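The structure appears below as structure tokens.
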Amino acid sequence: MRRFYCPDADPAQDALTLGADESAHIRNVLRLREGERIAVFDGRGNEYLCEVESVGKRETELAVISRTEPPSKESPLDLTLAAALLKHDKFDMVVQKAVELGVTRLLPIVTKRCDIPPDAAGKRLERWERIAIEASKQCGRATLMEISDVGEFADHIGEAGSEAIVFVEQGGRGFPAGIGSSRITAFVGPEGGWEEAEIAMAEKADAALVTLGGRILRAETAAIAVTALLQHRYGDLK
């Protein structure tokens, strides 16, 4: 069933209104008509089975048939993925796959060897939010992944402290036995890797340094791989 995003949905109401973007998709791409049924989610965990009542140029009116369970449940792991900014559309893929893999919060970070400047990345936040919405439609999540403003590694590693896992190419260990399994912040560096000063910051903050093994991964691949591993180990990818 086709799924649509309606951030203004009110669980107490028996009618919903989709905005211009979703209405254009319904009218011009899918060509849905009155009486057809669709699914709607509000980004806050609520899912609705609805019937199309009218399709306009700027709005689509829906009748709510029932509240339903989202196709995909949220992971019990509160996972923040702190990923270094990447050039071109590489970070777009990180956003998309983070949604699919159940990341709670995506934190784009600036590191010493970062590929792009933070002011350029800040302009891409709206694009990343659109990608997250489309990925949520596809994968069945009803809760939108939060995308934070671009931040500095030095600031956020201190905030995460002992809940942080910093993935390094060498010199790290396996997953720590004592780390809390309900909330984790995973730090993934840029293509050029971490600088020694950043590793020292992580150690000072009591973060765990973890090395995955002998394979050399691209930064975007590493972000996806570590997310899947953490969801398998502590979340719901069993």
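The values are calculated or read from the model by the stated rules, or taken from the named source; none is laboratory data. Model, not experiment: these values are computed from the prediction. Cβ sites come from the backbone with ideal geometry, for glycine too, and all protein chains shown count toward neighbours.
Do we find that residue 112 is basic (Lys, Arg), over 23 Å from residue 230 (Cβ atoms), modelled with pLDDT under 95 and in a loop (DSSP other than H, G, I, E, B) in this structure? Walk me through how you get there before you give the answer.
Values: basic (Lys, Arg): yes; over 23 Å from residue 230 (Cβ atoms): yes; modelled with pLDDT under 95: yes; in a loop (DSSP other than H, G, I, E, B): yes.
Answer is yes for this residue.
Step by step: first the residues of the stretch 64-86, then only those that are without any contact (Cβ under 8 Å) to a residue 60 or more places away in the chain and surrounded by 14 or more Cβ atoms within 10 Å (Cβ to Cβ), then the one that is farthest from residue 149 (Cα to Cα). Which residue is that?
Among residues in the stretch 64-86 that are without any contact (Cβ under 8 Å) to a residue 60 or more places away in the chain and surrounded by 14 or more Cβ atoms within 10 Å (Cβ to Cβ), the one farthest from residue 149 (Cα to Cα) is 64.
Check residue 155 against each of (1) surrounded by fewer than 15 Cβ atoms within 10 Å (Cβ to Cβ); (2) outside any helix (DSSP H, G or I); (3) more than 19 Å from the chain's Cα centre (by Cα) and name the one condition it does not meet.
All conditions pass for residue 155, except number (2).
Report those strands (runs of 3 or more DSSP E) wholly inside the stretch 7-71 carrying at least 2 residues which are under 24 Å from the mean Cα position of the chain (by Cα) and hydrophobic (A, V, I, L, M, F, W, C).
37-41
Kindly list the number of the only condition in (1) without any contact (Cβ under 8 Å) to a residue 60 or more places away in the chain; (2) in contact with an Asp or Glu (Cβ under 9 Å, 6 or more places away or on another chain); (3) assigned by TED's automatic domain parsing to the domain that holds residue 163 that fails for residue 89.
With (1) without any contact (Cβ under 8 Å) to a residue 60 or more places away in the chain; (2) in contact with an Asp or Glu (Cβ under 9 Å, 6 or more places away or on another chain); (3) assigned by TED's automatic domain parsing to the domain that holds residue 163 applied to residue 89, the lone miss is (2).
State the number of residues belonging to the stretch 170-192 that are modelled with pLDDT under 90 and either within 30 Å of residue 74 (Cβ to Cβ) or surrounded by 12 or more Cβ atoms within 10 Å (Cβ to Cβ) (or both). Full working, then the answer.
Let us first name the residues in the stretch 170-192 that are modelled with pLDDT under 90, namely 170-182, 191-192.
Still in the running and either within 30 Å of residue 74 (Cβ to Cβ) or surrounded by 12 or more Cβ atoms within 10 Å (Cβ to Cβ) (or both): 172-182, 191-192.
So the count comes out to 13.
Among the numbered conditions (1) within 20 Å of residue 152 (Cα to Cα); (2) surrounded by fewer than 19 Cβ atoms within 10 Å (Cβ to Cβ); (3) of a type outside the set (Ser, Thr, Tyr), tell me where residue 91 comes up short.
(2)
Restricting to the stretch 85-131, name every residue that is polar (S, T, N, Q) and out of contact with any helix residue (DSSP H, G or I) (no Cβ under 9 Å at 6 or more places or on another chain).
Selection gives 104 alone.
Please identify the pairs in which a residue from the stretch 112-129 that is in the same structural domain as residue 145 (by TED's automatic domain parsing) and among the acidic types (Asp, Glu) has its Cβ atom under 8 Å from the Cβ atom of a residue that is in a loop (DSSP other than H, G, I, E, B) and modelled with pLDDT of 90 or more, counting only partners at least 6 apart or on another chain.
Once the first residue is in the same structural domain as residue 145 (by TED's automatic domain parsing) and among the acidic types (Asp, Glu) and sits in the stretch 112-129, its partners that are in a loop (DSSP other than H, G, I, E, B) and modelled with pLDDT of 90 or more give 115/85; 115/86; 115/190.
Among the candidates 191, 163, 169, which residue alone is of a type in the set (D, E, K, R), free of Cβ contacts under 8 Å to residues at least 24 places away in the same chain and in the same structural domain as residue 85 (by TED's automatic domain parsing)? Talk me through it step by step, then tell me what you get.
Working: 191 fails: free of Cβ contacts under 8 Å to residues at least 24 places away in the same chain; 169 fails: free of Cβ contacts under 8 Å to residues at least 24 places away in the same chain.
Criteria check complete, one pass: 163.
Is at least one residue of the stretch 28-48 at pLDDT 95 or above, within 19 Å of residue 144 (Cβ to Cβ), surrounded by fewer than 17 Cβ atoms within 10 Å (Cβ to Cβ) and basic (Lys, Arg)?
For the stretch 28-48, residues at pLDDT 95 or above, within 19 Å of residue 144 (Cβ to Cβ), surrounded by fewer than 17 Cβ atoms within 10 Å (Cβ to Cβ) and basic (Lys, Arg): present.
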